[in-house]
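Report on one structure; see the data block that follows.
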Amino acid sequence: MHAAPEKTMTAISTHDRFGPFGGRYVPETLIPALDELDSAFDSAMADAEFVRTVDEMLSTYVGRPSPLSDAPRLSEQVGTSVFLKREDLNHTGAHKINNTVGQALLAMRMGKRRIIAETGAGQHGVATATVCARFGLDCTVYMGEEDIRRQSLNVYRMKLMGAKVVPVSSGTKTLKDATSEAIRDWVTNVNDSYYIIGSVVGPAPYPRMVREFQSVIGREAREQMLNRTGKLPTAVVACVGGGSNAMGIFHPFEDDRDVKLIGVEAAGHGLESGEHSASLLRGKPGVLHGTLSYLLQDGDGQVHPAHSISAGLDYPGVGPEHAWLKDSGRAEYVAVTDEDALRGFATLSRLEGIIPALETSHAIAWVIDNASRWIKSDSVLICVSGRGDKDMAQIAEMGFLDR
(Lines give C-alpha, C1' and ligand atoms only; values in the text may rest on other atoms or scores of the structure.)
Protein backbone atom coordinates (compact mmCIF):
# COMPACT_ATOMS: atom_id res chain seq x y z
CA MET A 1 0.00 0.00 0.00
CA HIS A 2 1.36 3.43 -0.90
CA ALA A 3 0.71 6.38 1.38
CA ALA A 4 -1.16 9.04 -0.53
CA PRO A 5 0.66 12.30 -1.17
CA GLU A 6 -0.57 15.40 0.64
CA LYS A 7 -3.58 16.93 -1.16
CA THR A 8 -1.51 19.82 -2.46
CA MET A 9 0.98 17.45 -4.06
CA THR A 10 0.92 15.88 -7.50
CA ALA A 11 3.30 13.40 -9.11
CA ILE A 12 5.01 15.64 -11.64
CA SER A 13 8.16 13.91 -12.81
CA THR A 14 10.00 10.60 -12.86
CA HIS A 15 13.34 12.40 -13.04
CA ASP A 16 16.16 11.03 -10.87
CA ARG A 17 14.67 7.67 -10.00
CA PHE A 18 16.52 4.98 -8.08
CA GLY A 19 14.69 1.95 -9.41
CA PRO A 20 11.06 2.84 -8.62
CA PHE A 21 12.03 5.27 -5.85
CA GLY A 22 12.73 9.00 -5.83
CA GLY A 23 11.11 11.37 -8.32
CA ARG A 24 9.19 14.55 -7.55
CA TYR A 25 5.88 14.78 -5.69
CA VAL A 26 5.58 18.49 -5.04
CA PRO A 27 3.30 21.49 -5.51
CA GLU A 28 3.36 22.70 -9.10
CA THR A 29 4.77 26.03 -7.95
CA LEU A 30 8.02 24.25 -7.08
CA ILE A 31 8.58 22.57 -10.44
CA PRO A 32 10.28 25.59 -12.08
CA ALA A 33 12.52 25.99 -9.00
CA LEU A 34 13.49 22.31 -9.08
CA ASP A 35 14.13 22.47 -12.82
CA GLU A 36 16.32 25.53 -12.25
CA LEU A 37 18.17 23.76 -9.42
CA ASP A 38 18.67 20.60 -11.47
CA SER A 39 20.13 22.56 -14.38
CA ALA A 40 22.28 24.75 -12.11
CA PHE A 41 23.71 21.74 -10.27
CA ASP A 42 24.62 19.88 -13.45
CA SER A 43 26.18 23.04 -14.88
CA ALA A 44 28.15 23.70 -11.70
CA MET A 45 29.51 20.15 -11.45
CA ALA A 46 30.67 20.38 -15.08
CA ASP A 47 32.49 23.64 -14.26
CA ALA A 48 36.07 22.91 -13.16
CA GLU A 49 36.29 26.25 -11.36
CA PHE A 50 33.21 25.52 -9.23
CA VAL A 51 34.49 22.06 -8.33
CA ARG A 52 37.90 23.54 -7.47
CA THR A 53 36.25 26.13 -5.21
CA VAL A 54 34.26 23.44 -3.38
CA ASP A 55 37.38 21.32 -2.92
CA GLU A 56 39.37 24.31 -1.68
CA MET A 57 36.69 25.16 0.90
CA LEU A 58 36.57 21.56 2.06
CA SER A 59 40.34 21.62 2.50
CA THR A 60 41.01 25.06 3.97
CA TYR A 61 37.77 25.63 5.91
CA VAL A 62 36.32 22.22 6.76
CA GLY A 63 39.68 20.53 7.29
CA ARG A 64 39.47 17.67 4.80
CA PRO A 65 40.57 15.02 4.25
CA SER A 66 39.19 13.72 7.53
CA PRO A 67 41.47 11.11 9.14
CA LEU A 68 41.09 7.35 9.05
CA SER A 69 41.75 6.24 12.63
CA ASP A 70 42.72 2.85 13.97
CA ALA A 71 40.61 1.60 16.86
CA PRO A 72 42.97 -0.92 18.50
CA ARG A 73 41.06 -1.60 21.72
CA LEU A 74 37.71 -1.80 19.96
CA SER A 75 39.33 -4.07 17.35
CA GLU A 76 40.54 -6.36 20.15
CA GLN A 77 37.02 -6.60 21.57
CA VAL A 78 35.42 -7.24 18.16
CA GLY A 79 38.12 -9.65 16.99
CA THR A 80 38.92 -7.95 13.71
CA SER A 81 40.47 -4.69 12.51
CA VAL A 82 38.12 -1.74 13.00
CA PHE A 83 38.79 1.60 11.30
CA LEU A 84 36.95 4.86 11.93
CA LYS A 85 36.31 7.47 9.25
CA ARG A 86 36.47 10.59 11.42
CA GLU A 87 33.79 12.99 10.18
CA ASP A 88 33.55 14.13 13.81
CA LEU A 89 36.82 16.00 13.25
CA ASN A 90 35.39 18.24 10.53
CA HIS A 91 34.77 21.89 11.34
CA THR A 92 31.38 21.97 13.16
CA GLY A 93 31.85 18.37 14.32
CA ALA A 94 29.93 16.32 11.76
CA HIS A 95 29.64 15.31 8.11
CA LYS A 96 26.84 17.79 7.42
CA ILE A 97 29.15 20.63 6.42
CA ASN A 98 30.37 18.72 3.33
CA ASN A 99 26.93 19.25 1.85
CA THR A 100 26.25 22.78 3.13
CA VAL A 101 29.51 24.08 1.64
CA GLY A 102 28.55 22.73 -1.79
CA GLN A 103 24.95 23.90 -1.65
CA ALA A 104 25.79 27.37 -0.32
CA LEU A 105 28.25 27.89 -3.18
CA LEU A 106 25.57 26.67 -5.59
CA ALA A 107 23.01 29.05 -4.06
CA MET A 108 25.32 32.01 -4.60
CA ARG A 109 26.03 30.86 -8.14
CA MET A 110 22.24 30.98 -8.68
CA GLY A 111 21.97 34.46 -7.16
CA LYS A 112 20.06 33.30 -4.05
CA ARG A 113 21.16 34.92 -0.81
CA ARG A 114 18.41 33.81 1.60
CA ILE A 115 18.95 30.29 2.89
CA ILE A 116 16.34 28.00 4.47
CA ALA A 117 17.18 24.76 6.28
CA GLU A 118 15.61 22.15 8.54
CA THR A 119 17.41 20.37 11.34
CA GLY A 120 16.83 17.54 13.81
CA ALA A 121 19.92 16.94 15.91
CA GLY A 122 21.03 20.45 15.04
CA GLN A 123 24.19 19.46 13.16
CA HIS A 124 22.77 20.38 9.75
CA GLY A 125 21.42 23.61 11.21
CA VAL A 126 24.84 24.43 12.66
CA ALA A 127 26.56 23.56 9.38
CA THR A 128 24.10 25.76 7.46
CA ALA A 129 24.50 28.66 9.90
CA THR A 130 28.27 28.25 9.62
CA VAL A 131 28.48 28.58 5.84
CA CYS A 132 25.92 31.39 5.86
CA ALA A 133 28.10 33.30 8.32
CA ARG A 134 31.16 32.58 6.17
CA PHE A 135 29.50 33.86 2.96
CA GLY A 136 27.28 36.58 4.45
CA LEU A 137 23.98 34.87 3.64
CA ASP A 138 20.66 35.27 5.46
CA CYS A 139 19.84 32.05 7.33
CA THR A 140 16.55 30.66 8.69
CA VAL A 141 16.54 27.22 10.33
CA TYR A 142 13.36 25.30 11.24
CA MET A 143 13.66 22.98 14.24
CA GLY A 144 11.07 21.00 16.20
CA GLU A 145 10.45 22.10 19.78
CA GLU A 146 11.32 18.64 21.10
CA ASP A 147 14.65 18.72 19.27
CA ILE A 148 15.29 22.27 20.53
CA ARG A 149 14.89 20.87 24.05
CA ARG A 150 17.21 17.92 23.36
CA GLN A 151 19.83 19.93 21.46
CA SER A 152 20.00 23.29 23.24
CA LEU A 153 23.76 23.63 22.66
CA ASN A 154 23.34 23.47 18.88
CA VAL A 155 20.49 26.00 19.04
CA TYR A 156 22.82 28.42 20.82
CA ARG A 157 25.56 27.79 18.25
CA MET A 158 23.18 28.57 15.37
CA LYS A 159 21.98 31.78 16.99
CA LEU A 160 25.54 32.83 17.83
CA MET A 161 26.40 32.64 14.12
CA GLY A 162 23.44 34.82 13.18
CA ALA A 163 20.83 32.26 12.15
CA LYS A 164 17.15 32.68 12.94
CA VAL A 165 15.94 29.46 14.60
CA VAL A 166 12.19 28.97 14.14
CA PRO A 167 10.57 26.54 16.64
CA VAL A 168 8.06 24.10 15.13
CA SER A 169 5.25 23.04 17.46
CA SER A 170 3.17 20.89 15.09
CA GLY A 171 2.99 17.10 15.00
CA THR A 172 5.75 15.33 16.90
CA LYS A 173 7.78 18.57 17.10
CA THR A 174 10.77 16.82 15.52
CA LEU A 175 12.57 16.58 12.18
CA LYS A 176 9.59 15.57 10.04
CA ASP A 177 7.65 18.62 11.13
CA ALA A 178 10.64 20.95 10.78
CA THR A 179 11.09 19.71 7.21
CA SER A 180 7.43 20.34 6.42
CA GLU A 181 7.68 23.92 7.69
CA ALA A 182 10.89 24.55 5.73
CA ILE A 183 9.17 23.36 2.55
CA ARG A 184 6.22 25.67 3.22
CA ASP A 185 8.62 28.60 3.55
CA TRP A 186 10.37 27.64 0.31
CA VAL A 187 7.08 27.36 -1.61
CA THR A 188 6.16 30.86 -0.44
CA ASN A 189 9.55 32.45 -1.12
CA VAL A 190 10.93 30.35 -3.96
CA ASN A 191 12.02 33.30 -6.11
CA ASP A 192 14.65 34.63 -3.72
CA SER A 193 15.29 31.73 -1.33
CA TYR A 194 17.36 28.56 -1.55
CA TYR A 195 16.47 25.48 0.53
CA ILE A 196 19.52 23.51 1.72
CA ILE A 197 18.13 20.05 2.50
CA GLY A 198 20.35 18.24 4.99
CA SER A 199 20.01 14.64 3.84
CA VAL A 200 19.53 12.46 0.75
CA VAL A 201 15.75 13.02 0.90
CA GLY A 202 13.29 15.34 -0.80
CA PRO A 203 12.36 15.76 -4.46
CA ALA A 204 14.85 15.36 -7.30
CA PRO A 205 17.56 16.55 -7.66
CA TYR A 206 18.18 16.74 -3.87
CA PRO A 207 18.93 13.04 -3.17
CA ARG A 208 21.47 12.89 -6.00
CA MET A 209 22.91 16.32 -5.19
CA VAL A 210 23.40 15.69 -1.47
CA ARG A 211 24.90 12.27 -2.21
CA GLU A 212 27.42 13.84 -4.60
CA PHE A 213 28.53 16.42 -2.03
CA GLN A 214 28.78 13.76 0.69
CA SER A 215 30.58 11.17 -1.45
CA VAL A 216 33.85 12.86 -0.54
CA ILE A 217 33.62 10.71 2.62
CA GLY A 218 33.71 7.42 0.72
CA ARG A 219 36.23 8.57 -1.90
CA GLU A 220 38.68 9.50 0.82
CA ALA A 221 37.97 6.40 2.90
CA ARG A 222 38.43 4.05 -0.06
CA GLU A 223 41.82 5.54 -0.89
CA GLN A 224 42.85 5.63 2.78
CA MET A 225 41.97 1.96 3.30
CA LEU A 226 43.98 0.93 0.24
CA ASN A 227 46.95 3.01 1.37
CA ARG A 228 46.77 1.75 4.95
CA THR A 229 45.96 -1.93 4.45
CA GLY A 230 46.49 -2.64 0.76
CA LYS A 231 42.91 -3.82 0.40
CA LEU A 232 39.32 -2.69 0.66
CA PRO A 233 37.34 -3.24 3.88
CA THR A 234 35.24 -6.33 4.39
CA ALA A 235 32.31 -4.14 5.43
CA VAL A 236 31.37 -0.47 5.57
CA VAL A 237 28.97 0.39 8.40
CA ALA A 238 27.07 3.65 8.95
CA CYS A 239 23.98 4.85 10.78
CA VAL A 240 20.90 5.70 8.70
CA GLY A 241 18.22 8.29 9.42
CA GLY A 242 17.59 10.24 6.24
CA GLY A 243 20.83 8.62 5.19
CA SER A 244 23.39 11.22 4.04
CA ASN A 245 26.46 10.01 5.93
CA ALA A 246 25.72 6.42 4.94
CA MET A 247 25.15 7.29 1.29
CA GLY A 248 28.26 9.45 1.31
CA ILE A 249 30.48 6.59 2.45
CA PHE A 250 28.58 3.81 0.60
CA HIS A 251 28.46 5.32 -2.89
CA PRO A 252 32.16 5.06 -3.83
CA PHE A 253 32.14 1.40 -2.71
CA GLU A 254 28.94 0.38 -4.56
CA ASP A 255 30.82 -1.20 -7.48
CA ASP A 256 33.12 -3.12 -5.11
CA ARG A 257 30.85 -6.13 -4.85
CA ASP A 258 32.96 -7.88 -2.19
CA VAL A 259 32.51 -4.95 0.20
CA LYS A 260 29.39 -5.35 2.35
CA LEU A 261 27.40 -2.15 2.89
CA ILE A 262 25.53 -2.14 6.20
CA GLY A 263 23.16 0.64 7.26
CA VAL A 264 22.06 0.81 10.90
CA GLU A 265 18.63 2.25 11.63
CA ALA A 266 17.22 3.27 15.00
CA ALA A 267 15.14 0.52 16.63
CA GLY A 268 14.14 2.89 19.42
CA HIS A 269 12.28 0.96 22.11
CA GLY A 270 12.28 -2.14 19.86
CA LEU A 271 11.01 -2.96 16.39
CA GLU A 272 7.91 -4.64 17.81
CA SER A 273 7.08 -1.69 20.08
CA GLY A 274 6.03 0.62 17.25
CA GLU A 275 8.31 3.27 18.76
CA HIS A 276 11.28 3.30 16.41
CA SER A 277 12.65 4.98 13.28
CA ALA A 278 13.36 1.87 11.19
CA SER A 279 11.75 2.96 7.92
CA LEU A 280 13.57 0.39 5.79
CA LEU A 281 12.94 -2.54 8.11
CA ARG A 282 9.37 -1.74 9.12
CA GLY A 283 8.11 0.80 6.59
CA LYS A 284 6.29 0.53 3.27
CA PRO A 285 6.74 2.54 0.07
CA GLY A 286 5.03 5.91 0.27
CA VAL A 287 5.50 9.61 -0.37
CA LEU A 288 6.94 12.04 2.14
CA HIS A 289 8.49 15.45 1.53
CA GLY A 290 8.38 15.14 -2.22
CA THR A 291 9.93 11.72 -2.76
CA LEU A 292 8.83 8.07 -3.00
CA SER A 293 10.70 5.87 -0.56
CA TYR A 294 10.15 3.60 2.44
CA LEU A 295 8.02 5.31 5.05
CA LEU A 296 6.57 4.50 8.48
CA GLN A 297 2.79 4.41 8.02
CA ASP A 298 -0.30 3.44 9.94
CA GLY A 299 -3.05 1.22 8.56
CA ASP A 300 -4.62 4.15 6.71
CA GLY A 301 -1.39 5.11 5.00
CA GLN A 302 -0.81 8.13 7.23
CA VAL A 303 2.70 8.95 8.44
CA HIS A 304 3.43 7.12 11.69
CA PRO A 305 5.47 9.05 14.29
CA ALA A 306 9.09 7.97 14.54
CA HIS A 307 11.09 7.59 17.74
CA SER A 308 14.80 7.50 18.50
CA ILE A 309 16.94 8.64 21.40
CA SER A 310 18.97 10.29 18.64
CA ALA A 311 17.36 13.42 17.21
CA GLY A 312 19.26 12.93 13.96
CA LEU A 313 17.69 9.51 13.33
CA ASP A 314 14.19 10.48 14.47
CA TYR A 315 12.63 10.61 10.97
CA PRO A 316 9.82 8.42 9.56
CA GLY A 317 11.30 8.19 6.05
CA VAL A 318 14.64 7.53 4.36
CA GLY A 319 16.48 8.58 1.23
CA PRO A 320 15.17 6.89 -1.96
CA GLU A 321 18.58 5.59 -2.98
CA HIS A 322 18.76 3.64 0.28
CA ALA A 323 15.36 2.14 -0.58
CA TRP A 324 16.80 0.96 -3.89
CA LEU A 325 19.98 -0.40 -2.27
CA LYS A 326 17.75 -2.40 0.08
CA ASP A 327 15.43 -3.78 -2.59
CA SER A 328 18.29 -4.56 -4.98
CA GLY A 329 20.14 -6.40 -2.23
CA ARG A 330 23.30 -4.30 -2.57
CA ALA A 331 23.09 -3.06 1.02
CA GLU A 332 21.94 -4.72 4.23
CA TYR A 333 19.90 -2.74 6.74
CA VAL A 334 19.74 -3.58 10.44
CA ALA A 335 18.57 -1.79 13.58
CA VAL A 336 19.81 -1.00 17.10
CA THR A 337 17.73 0.03 20.13
CA ASP A 338 18.16 3.16 22.23
CA GLU A 339 19.68 1.16 25.08
CA ASP A 340 22.19 -0.58 22.85
CA ALA A 341 23.13 2.74 21.23
CA LEU A 342 23.91 4.14 24.68
CA ARG A 343 26.14 1.13 25.27
CA GLY A 344 27.93 1.80 21.97
CA PHE A 345 28.31 5.44 23.00
CA ALA A 346 29.98 4.44 26.27
CA THR A 347 32.12 1.70 24.73
CA LEU A 348 33.83 3.85 22.10
CA SER A 349 34.32 6.61 24.67
CA ARG A 350 35.97 4.29 27.18
CA LEU A 351 37.97 2.12 24.79
CA GLU A 352 39.22 4.75 22.33
CA GLY A 353 38.74 8.15 23.98
CA ILE A 354 36.38 9.15 21.16
CA ILE A 355 32.92 10.37 22.19
CA PRO A 356 30.61 9.66 19.24
CA ALA A 357 27.28 11.23 18.39
CA LEU A 358 24.28 9.14 19.41
CA GLU A 359 23.65 8.57 15.69
CA THR A 360 27.08 6.98 15.21
CA SER A 361 26.66 5.05 18.46
CA HIS A 362 24.06 2.88 16.72
CA ALA A 363 26.67 1.74 14.18
CA ILE A 364 29.27 1.15 16.91
CA ALA A 365 26.85 -0.98 18.94
CA TRP A 366 25.87 -3.09 15.92
CA VAL A 367 29.51 -3.90 15.08
CA ILE A 368 30.19 -4.91 18.69
CA ASP A 369 27.07 -7.08 18.91
CA ASN A 370 27.90 -8.82 15.63
CA ALA A 371 31.51 -9.65 16.35
CA SER A 372 30.84 -13.28 15.38
CA ARG A 373 30.40 -12.17 11.75
CA TRP A 374 34.05 -11.20 11.46
CA ILE A 375 37.31 -13.13 11.39
CA LYS A 376 40.70 -11.75 12.35
CA SER A 377 41.78 -11.03 8.76
CA ASP A 378 38.64 -8.98 8.06
CA SER A 379 38.40 -5.22 8.40
CA VAL A 380 35.37 -3.11 9.29
CA LEU A 381 35.11 0.55 8.36
CA ILE A 382 32.69 2.65 10.47
CA CYS A 383 31.63 6.15 9.54
CA VAL A 384 31.84 8.32 12.67
CA SER A 385 29.27 10.80 11.40
CA GLY A 386 29.68 13.27 14.25
CA ARG A 387 30.96 13.91 17.74
CA GLY A 388 28.89 13.51 20.86
CA ASP A 389 29.25 16.97 22.40
CA LYS A 390 25.74 17.85 21.24
CA ASP A 391 24.29 14.87 23.13
CA MET A 392 26.05 15.32 26.47
CA ALA A 393 23.34 17.39 28.18
CA GLN A 394 20.64 14.91 27.09
CA ILE A 395 22.63 11.91 28.30
CA ALA A 396 23.63 13.59 31.56
CA GLU A 397 19.97 14.42 32.22
CA MET A 398 19.20 10.70 31.85
CA GLY A 399 21.73 9.90 34.59
CA PHE A 400 23.49 7.47 32.26
CA LEU A 401 26.80 7.41 34.14
CA ASP A 402 25.00 6.56 37.39
CA ARG A 403 23.57 3.33 36.03
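The values are calculated or read from the model by the stated rules, or taken from the named source; none is laboratory data. Nothing here was measured: the structure is a model prediction, and the numbers come from that model. Using ideal geometry, Cβ is built from the backbone for each residue, glycine included, and neighbour counts are taken over all protein chains shown. Accessible surface is based on the protein model in full, side chains and every heavy atom, while ligands, DNA and RNA are left aside. Shrake-Rupley method; radii C 1.70, N 1.55, O 1.52, S 1.80 Å.
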Give me the net charge for the shell around Leu175: Cβ to Cβ below 10 angstrom, other residues only, Lys and Arg +1, Asp and Glu -1. -3
Might you work out the accessible area of Ser328 for me, using a 1.4 Å probe with all protein chains in place, and round it to the nearest 10 Å²? 60
Indicate the gyration tensor shape class of the chain (rounded, prolate or oblate), computed on the Cα atoms with a ≥ b ≥ c the square roots of the eigenvalues: a/c under 1.5 is rounded; otherwise a/b larger than b/c is prolate and the rest oblate. rounded
Could you give the angle, 0 to 90 degrees to the nearest 10, between helix 48-57's Cα long axis and the longest principal axis of the Cα atoms of the chain? 50
For region 230-376, averaging the sequence separation of alpha carbon pairs under 8 Å that lie six or more residues apart and dividing by its residue count, the contact order in percent is 25
If you average the sequence gap of Cα pairs under 8 Å that are 6 or more apart and divide by the length of the chain, what percent do you get for the contact order? 21
Could you give the length gained by full extension between Arg257 and Arg228, i.e. 0.36 nm per residue of separation minus their alpha carbon distance, to one decimal place? 8.4 nm
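If packing is taken as the mean number of other Cβ atoms within 10 Å per residue, what is the order of 99-108, 294-303, 145-154, highest first?
99-108, 145-154, 294-303
Count the DSSP beta bridges whose two residues both fall in the chain, then state the antiparallel fraction as a percent rounded to the nearest 5.
Counting DSSP beta bridges with both partners in the chain, the antiparallel share is about 35 percent.
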For Gly386, list long-range residues whose amide hydrogen, built 1.01 Å from N in the peptide plane, is under 5 Å from its own amide hydrogen. Asp88, Ala357, Thr360
For labels at Tyr61 and Tyr156 in the simple 7 Å Cα→Cβ model, what's the distance in nm? 2.5
No partner Cβ under 4.7 angstrom, meaning no disulfide-compatible partner by this rule: which Cys of the chain qualify? Cys239, Cys383
Once you sort the root eigenvalues of the Cα gyration tensor of region 179-313 as a ≥ b ≥ c, which label holds: rounded (a/c under 1.5), prolate (a/b larger than b/c) or oblate (the other case)? oblate
Using a 1.4 Å probe on the protein chains only, how many percent of the accessible area of region 165-314 belongs to carbon and sulfur? 45
Å² per residue, accessible surface of region 36-163 at 1.4 Å: 36
If each of Arg330 and Asp378 carries a label point 7 Å out from its Cα toward its Cβ, how far apart are those two points in nm? 2.2
How would you order 67-75, 38-46, 225-233, 377-385 from highest to lowest mean count of nearby Cβ atoms within 10 Å? 377-385, 67-75, 38-46, 225-233
Quick one: pull the percent of accessible area on region 37-150 belonging to carbon and sulfur, 1.4 Å probe, ligands and nucleic acids left out. 49
Among 161-170, 362-371, how do they line up from the highest to the lowest mean number of other beta-carbon atoms within 10 Å? 362-371, 161-170
Accessible area per residue, 1.4 Å probe, Å², for region 256-393: what's the number? 34
Simple label model, 7 Å out from Cα along Cβ direction - Glu36 to Val187, nm: 1.8
For region 263-403: rounded, prolate or oblate by the Cα gyration tensor [a/c cutoff 1.5]: oblate
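Give me the percent of accessible area attributable to carbon and sulfur for region 319-403, probe 1.4 angstrom. Kindly include the intermediate steps, with their values, before the conclusion.
Values: 1670 of 3280 Å².
That share works out to 51 percent.
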